[in-house]
Amino acid sequence: GAVVSQHPSRVICKSGTSVKIECRSLDFQATTMFWYRQFPKQSLMLMATSNEGSKATYEQGVEKDKFLINHASLTLSTLTVTSAHPEDSSFYICSARQVYEQFFGPGTRLTVL
Amino acid sequence: AQKVTQAQTEISVVEKEDVTLDCVYETRDTTYYLFWYKQPPSGELVFLIRRNSFDEQNEISGRYSWNFQKSTSSFNFTITASQVVDSAVYFCALSEGSSNTGKLIFGQGTTLQVKP
């Protein structure tokens, strides 16, 4: 099956710093990638749809300027959490779309102190 | 509006028992896709099954089986002879075909605990 990687798997940072998370499709090209956020014991909430070569589409209530998404190539999308605060601490999961399937990365656990 | 409801928040069974996880969905589309994912404690989502709205055949894969009923908008998942390794959070999800965005709407998840 298709493989999606995320880096880093875990990050701890100080409040006010920016954190970049990478999502890569390793063995296929993905024009569309998705970013989800999952708080403890909750479901996955879609944050944005990342389209290669164009601007991301954000879900209602997600701040574009805080969660910057770049999808510069067919195998890489990045999510940058700018000026992170403790309430941004969460599990961030990306997925890459291939036809009707979504292949998920292993997730990145962000802890903001 | 599309919505996925997993009414069971937590289920606890003893090993070898059968268990059914419920999933009810809402959509106005005639073309849609339904999914089940498993999320073990490690956090990584494991794909279990995809069903399109035109295929109502039930499916069996080893100890797993799925019952898709359009009449009741349900897509239930049964684990037969449960094992401790089945302990995880299970998510049902829906993707609408008309929008062609591929966006997934997840249910709230059901935490399954299988005790030895």
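Take A:Pro40 and decide whether it is over 18 Å from A:Ser18 (Cβ atoms) and surrounded by 15 or more Cβ atoms within 10 Å (Cβ to Cβ).
Here the answer is no, as A:Pro40 does not meet what is asked.
Among the residues of region A:1-43, which ones are closer than 16 Å to B:Leu45 by Cα, among the charged types (D, E, K, R) and part of a loop (DSSP other than H, G, I, E, B)?
A:Lys41 - this is the single residue of region A:1-43 that is closer than 16 Å to B:Leu45 by Cα, among the charged types (D, E, K, R) and part of a loop (DSSP other than H, G, I, E, B).
Tell me, which residue of region A:87-113 that is within 14 Å of chain B (Cβ to nearest Cβ) and of a type in the set (A, V, I, L, M, F, W, C) is farthest from the chain's Cα centre (by Cα)?
Filtering first and then ranking leaves A:Val99.
Among the residues of region A:10-29, write down those that are over 14 Å from the mean Cα position of the chain (by Cα) and either open to solvent by less than 30 Å² (accessible area, probe 1.4 Å) or among the basic types (Lys, Arg) (or both).
Passing the criteria: A:Cys13, A:Lys14, A:Phe28.
If I ask for residues that are within 17 Å of B:Thr31 (Cβ to Cβ), surrounded by fewer than 16 Cβ atoms within 10 Å (Cβ to Cβ) and of a type in the set (Ser, Thr, Tyr), which ones from region B:74-100 would you list?
Within region B:74-100, B:Ser98, B:Ser99 meet the criteria.
Exactly one of these conditions fails for A:His7: (1) surrounded by fewer than 19 Cβ atoms within 10 Å (Cβ to Cβ); (2) modelled with pLDDT of 95 or more; (3) over 19 Å from A:Thr75 (Cα atoms). Give me its number.
Of the numbered conditions (1) surrounded by fewer than 19 Cβ atoms within 10 Å (Cβ to Cβ); (2) modelled with pLDDT of 95 or more; (3) over 19 Å from A:Thr75 (Cα atoms), the odd one out for A:His7 is (3).
Given the condition within 28 Å of B:Ala1 (Cβ to Cβ), in contact with an Asp or Glu (Cβ under 8 Å, 6 or more places away or on another chain) and at pLDDT below 95, answer yes or no: does some residue in region B:76-86 qualify?
The answer is no, given that none of the residues of region B:76-86 is within 28 Å of B:Ala1 (Cβ to Cβ), in contact with an Asp or Glu (Cβ under 8 Å, 6 or more places away or on another chain) and at pLDDT below 95.
Out of all the residues in region B:5-13, is one or more within 12 Å of chain A (Cβ to nearest Cβ) and free of Cβ contacts under 8 Å to residues at least 40 places away in the same chain?
No.
Conditions tested, residue by residue: (1) in a loop (DSSP other than H, G, I, E, B); (2) under 26 Å from A:Val99 (Cα atoms); (3) more than 16 Å from the chain's Cα centre (by Cα).
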position: B:Ser82; (1), (2), (3): yes, no, no
position: B:Ser95; (1), (2), (3): no, yes, no
position: B:Lys103; (1), (2), (3): yes, yes, yes
position: B:Thr111; (1), (2), (3): no, no, no
position: B:Val114; (1), (2), (3): no, no, yes
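Taking region A:55-86 on its own, how many of its residues are within 14 Å of another protein chain (Cβ to nearest Cβ) and without any contact (Cβ under 8 Å) to a residue 12 or more places away in the chain?
Looking only at that region, the number is 3.
I'd like to verify a number: residues in region B:16-37 that are modelled with pLDDT under 95 and open to solvent by 60 Å² or more (accessible area, probe 1.4 Å), how many?
Residues in region B:16-37 being modelled with pLDDT under 95 and open to solvent by 60 Å² or more (accessible area, probe 1.4 Å): 2 in total.
Any chance you could count how many residues in region B:2-59 are on the phi < 0 side of the Ramachandran plot and either in contact with a His (Cβ under 9 Å, 6 or more places away or on another chain) or assigned to a loop (DSSP other than H, G, I, E, B) (or both)?
Count: 26.
Looking at region B:38-52, can you tell me whether even one residue there is of a type in the set (Val, Ile, Thr), under 28 Å from A:Met47 (Cβ atoms), open to solvent by less than 40 Å² (accessible area, probe 1.4 Å) and within 13 Å of chain A (Cβ to nearest Cβ)?
Yes.
The values are calculated or read from the model by the stated rules, or taken from the named source; none is laboratory data. All values reported here derive from a predicted model rather than from experimental measurement. Note: ideal-geometry Cβ built from the backbone for every residue, glycine included; neighbour counts use all protein chains shown. We work out accessible area using only protein heavy atoms, side chains counted, and drop any ligands, DNA or RNA first. Shrake-Rupley method; radii C 1.70, N 1.55, O 1.52, S 1.80 Å.
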